[in-house]
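Undergrad: Can you keep this structure in mind? I'll have questions shortly.
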Amino acid sequence: MRTRLATDLLIAALALAVLAGLLEIWVRIAAVPSYLFPAPSSVLVRLVEDPTFFALEAAVTVIEATFGFLIGVSAAFIVGALMAHSRALERALYPLAVLVKLTPIVAVAPLFTLWFGFGSAPKVAIAALITFFPMVVNAFVGLRDVDPQELAFLQVLDASRWEVFRTLRVPSSLPYLFSGARISANLALIGAVVAEWTGADRGLGRVILVANANLDLATLFGAVLVLVLIGVAVNVAASTVEVRVLHWHPLGQETA
Amino acid sequence: MLPTIAVRDAAARYGAREVLRGVAFEVAPGEVVAVVGRSGVGKTTLLRLLSGLLQPAAGMVAVDGAPVGVARSRKAIGLVGQDARLHPWRTVRRNVSLPFEVNVDDTADFALADEWLRKTGLSGAADRYPRELSGGMRQRVALARALVLRPRVLLLDEPLGALDELTREDLRGELARLWTSLEGAVVYVTHDLDEAVLLADRVLVLAGDPASIVTTVPVAFARPRTEKLRRRADFAALVDLVRSML
């Protein structure tokens, strides 16, 4: 699995290098101004010149996204579990979950800044909000969609709802939970960046906003590249955990 | 002698639709009863009544003289379905020991689980996962899992239905061998009339709409029965008799 993952990453890095090379040639031949599109080499130089700056700003965004992710997926799992156990709760909670999904994050982000201030709290809240829906749907479907024969086997043994939840529903929902978590992890990063645009003094979102205002596109693309690398790292980590936990499921074998 | 299973004038409904009406029969300790009927007649519904998963709309179902709920609470009912997918995240050994983990706070008895794995010829597969097993092996695991607590009632819902003929033959012999070691009652639902006559002491024919037991055909062939029995004329005649009742 590790060999395959390393090969995949190498191929992706090579493709990115080829693309960067082509862009470099285009920028130089066409003499594209740096305030419109920076040469990939200047982005690389900017990153190498000041790695601490990007690392510290990235750490702020990652921490906000991580807390938002943990809060969002935990809340979504609880709501999904309640919905999976009760039709009445499903009817009551599902429209609210859809409402959360339909709410444009960009529109409500300034409100969160107004309510929670300029610190990390509104960023964490936005990241939590944006991760909520994919996870709640996956948790709900995964916890409800259990093998009827296995459910009947446990019910015949007079297993309690908690025992059915523990021994059947949670393990059988893991493929769904992983899919939800994978989508949510990427969304959490986007949520944190968007939230930083509406009022922040730190983070990659703010770096992008300020660089854009200053027409400093090398810094802007540098920040975007760092975000892409974080996204790749998140997906690699998710795949690694998935292979270990879902070894019994086609999803785990597919990832491997 | 108190029957292990007693069904008295039982009815079953799904909403407004009555599926079973006036179902009545008994199963004695150690007896194997096959239930046959056309597709969709209500065979699985009858098993749901017997397992307590469905409450009778009328009448009653008792196990050892008590309501079926009491038997469930004592983990005295074992159930095997058609296509055993088991708990795919558990090894074979942990699947077989699953019944210890629910209802009563038993400690997982791996020694007993291993004993049943040995009885079902699965000792070598104890640490494997269900996806690594053939359909026949998975069905053996399902059987071991249902029998590990030595239930008073074993309910089988077309357990060989998804298997090829050779595997079915193997498992038929295995089933007969395993349940003779039980003192409880076995109810075996199948659409295969040969299988019903080969395995059962009595064949109950379920027919009608709503369905009821229209006849009971005793099977007097001596045990142990082998596949050779199927080639005998009196066996074929009995199968034809059951078929004519459907």
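Undergrad: Under a GNM of chain A (C-alpha, springs under 10 Å), which listed residue has the highest mean-square fluctuation: A:ALA192, A:ALA237, A:ALA223?
TA: A:ALA237
Undergrad: Taking H as built 1.01 Å from N, whose amide H comes closer than 5 Å to the amide H of B:GLY22, not counting residues under 5 places away?
TA: So B:GLY22 has HN proximity to B:ALA10, B:ALA11.
Undergrad: Given a cut-off of under 8 Å on Cα pairs at least six residues apart, what relative contact order in percent is computed for chain A?
TA: 25
Undergrad: How high is the FRET efficiency between B:ARG243 and B:ASP170 when r is their beta carbon distance and R₀ equals 25 Å, given to the nearest 0.05?
TA: 0.50
Undergrad: Can I ask one more? Go through A:HIS249, B:HIS87, B:HIS191 and list them by solvent-accessible area, largest first, probe radius 1.4 Å.
TA: Accessible-area ranking of A:HIS249, B:HIS87, B:HIS191, largest first: B:HIS191, A:HIS249, B:HIS87.
Undergrad: Could I ask something else about it? What accessible area, summed over both chains, is buried at the B-A interface (1.4 Å probe, Å², nearest 100)?
TA: Numbers: alone 11260 and 14150 Å², together 23240 Å².
It comes to approximately 2200 Å² buried between B and A.
Undergrad: Further question: Can you tell me the accessible area per residue over the range A:51-255, all protein chains present, probe 1.4 angstrom, in square angstrom? Please report the intermediate quantities before stating the final value.
TA: Values: 9260 Å² over 205 residues.
Heavy-atom accessible area per residue stands at 45 Å².
Undergrad: Could I ask something else about it? Put simply, what bits of the range B:64-94 lose 50 Å² or more of accessible area when the other protein chains are there, versus the chain on its own (1.4 Å probe)?
TA: B:ARG72, B:LEU79, B:ARG85, B:HIS87, B:TRP89
Undergrad: On to the next question. In the range B:137-238, which trypsin sites (Lys or Arg not before Pro) are in a loop and have at most 13 other Cβ atoms within 10 Å, using DSSP for the loop call?
TA: B:ARG232
Undergrad: Taking 7 Å along the Cα-to-C-beta vector as the label spot, tell me the B:ARG231-A:ALA15 distance in nanometres, rounded to one decimal.
TA: Result: 6.3 nm between the two label points.
Undergrad: Mind giving me the nanometre distance, one decimal, between the label points for B:VAL214 and A:ASN212, set 7 Å out from Cα along Cα→Cβ?
TA: Result: 7.6 nm between the two label points.
Undergrad: If you roll a 1.4 Å probe over the heavy atoms of the protein chains, what accessible area per residue do you get for the range B:128-183, in Å²? Working shown, then result.
TA: Values: 2170 Å² over 56 residues.
Dividing the accessible area of the range B:128-183 by its residue count gives 39 Å².
Undergrad: Can I ask one more? Report the one residue of B:LEU47, B:VAL23, A:GLY142 whose Cα lies farthest in the direction of the positive end of the charge dipole of the protein assembly as shown (charges on C-beta: Lys and Arg +1, Asp and Glu -1; origin at the Cα centre).
TA: B:VAL23
Undergrad: Classify chain B as rounded, prolate or oblate, taking a ≥ b ≥ c as the square roots of the eigenvalues of its Cα gyration tensor: rounded when a/c is under 1.5, otherwise prolate if a/b is larger than b/c and oblate if not.
TA: oblate
Undergrad: Could you check which residue among A:LEU227, A:LEU209, A:LEU22 shows the biggest mean-square fluctuation in a GNM of chain A with a 10 Å Cα cutoff?
TA: A:LEU22
Undergrad: At 1.4 Å probe size, with no ligands or nucleic acids counted, give the accessible surface of A:TRP26 in Å², nearest ten.
TA: Probe radius 1.4 Å; accessible area of A:TRP26 about 120 Å².
Undergrad: Taking 0.36 nm per residue of separation and subtracting the Cα-Cα distance, what length does fully extending A:TYR94 through A:HIS247 add?
TA: Extending this stretch completely gives an extra 51.9 nm.
Undergrad: Ratio of Rg to Rh for the range B:1-125, alpha carbon only, Kirkwood?
TA: Rounded to two decimals, Rg over Rh is 1.02.
Undergrad: In whole Å, largest first, what are the principal axis extents of the Cα atoms in the range B:88-150?
TA: 32, 23, 16
Undergrad: Roughly speaking, what is the centre-to-centre gap between the range B:27-60 and the range B:142-168 when only Cα atoms are used, to the nearest Å?
TA: Each part reduced to its Cα centre gives a spacing of 16 Å.
Undergrad: Only four residue types carry charge here, +1 at the Cβ of Lys and Arg and -1 at the Cβ of Asp and Glu. Report the dipole size of the protein assembly as shown about the Cα centre in Debye, rounded to the nearest 20.
TA: 660
Undergrad: Can you give me the relative contact order of chain B as a percent, contacts being Cα pairs under 8 Å and 6 or more apart?
TA: Relative CO of chain B lands at 27 percent.
Undergrad: Still on this model: Return the Cα extents of the protein assembly as shown along principal axes one, two and three, sorted largest first, each rounded to a whole Å.
TA: Cα extents, longest axis first: 97, 46, 42 Å.
Undergrad: Okay, moving on. Working from the pairwise distances between different alpha carbons, so that the mean of 1/r is found and then inverted, what is the range A:51-255's Kirkwood radius in Å? All intermediate terms of the calculation are to be shown ahead of the outcome.
TA: Numbers: mean 1/r = 0.0545 Å⁻¹.
Final number for the Kirkwood radius of the range A:51-255 is 18.4 Å.
Undergrad: Before rounding to the nearest 500, sum -39500 (n - 2.57) across all DSSP H runs of length at least 4 in chain A and divide by the residue total; then give [θ] at 222 nm in deg cm²/dmol. Intermediate values should be presented prior to the final figure.
TA: Values: 12 runs with 212 residues, N = 256.
When only DSSP H runs of four or more count, the value is -28000 deg cm²/dmol.
Undergrad: List the residues of the range A:143-159 for which accessible area in the full set of protein chains is at least 20 Å² lower than for the chain on its own; 1.4 Å probe, protein heavy atoms only.
TA: A:ASP147, A:GLN149, A:GLU150, A:ALA152, A:PHE153, A:LEU154, A:GLN155, A:VAL156, A:LEU157, A:ASP158
Undergrad: Measure off 7 Å from each Cα along the Cα-to-Cβ vector at B:ALA207 and B:ASP9, then give the distance between these two points in nanometres to one decimal.
TA: Between B:ALA207 and B:ASP9, the simple spin-label model gives 2.5 nm.
Undergrad: For chain B, what is the calculated [θ] at 222 nm in deg cm²/dmol (nearest 500), taking -39500 (n - 2.57) for each run of four or more DSSP H residues and dividing by its residue count?
TA: Helix contribution divided over all residues of chain B: -9500 deg cm²/dmol.
Undergrad: Using +1 on the beta carbon of Lys and Arg, -1 on that of Asp and Glu, and nothing else charged, what's the dipole of chain B about the Cα centre, debye to 20?
TA: That gives chain B a dipole magnitude of about 160 debye.
Undergrad: I'd like the carbon and sulfur percentage of the solvent accessible area for the range B:95-246, probe radius 1.4 Å, heavy atoms only, ligands and nucleic acids excluded.
TA: Ligands and nucleic acids excluded, carbon and sulfur reach 51 percent.
Undergrad: Given a 1.4 angstrom probe, I'd like the percentage of the accessible area of the range A:19-113 that is carbon and sulfur, rounded to a whole number.
TA: Ligands and nucleic acids excluded, carbon and sulfur give 78 percent.
The values are calculated or read from the model by the stated rules, or taken from the named source; none is laboratory data. A quick note: this is a predicted structure, and the numbers were derived from the prediction, not measured. For neighbour counting, all protein chains shown are included, and Cβ atoms are generated from backbone atoms with ideal geometry for every residue, glycine included. Heads up: the accessible areas ignore ligands, DNA and RNA and are worked out on the full protein's heavy atoms, side chains in. Shrake-Rupley method; radii C 1.70, N 1.55, O 1.52, S 1.80 Å.
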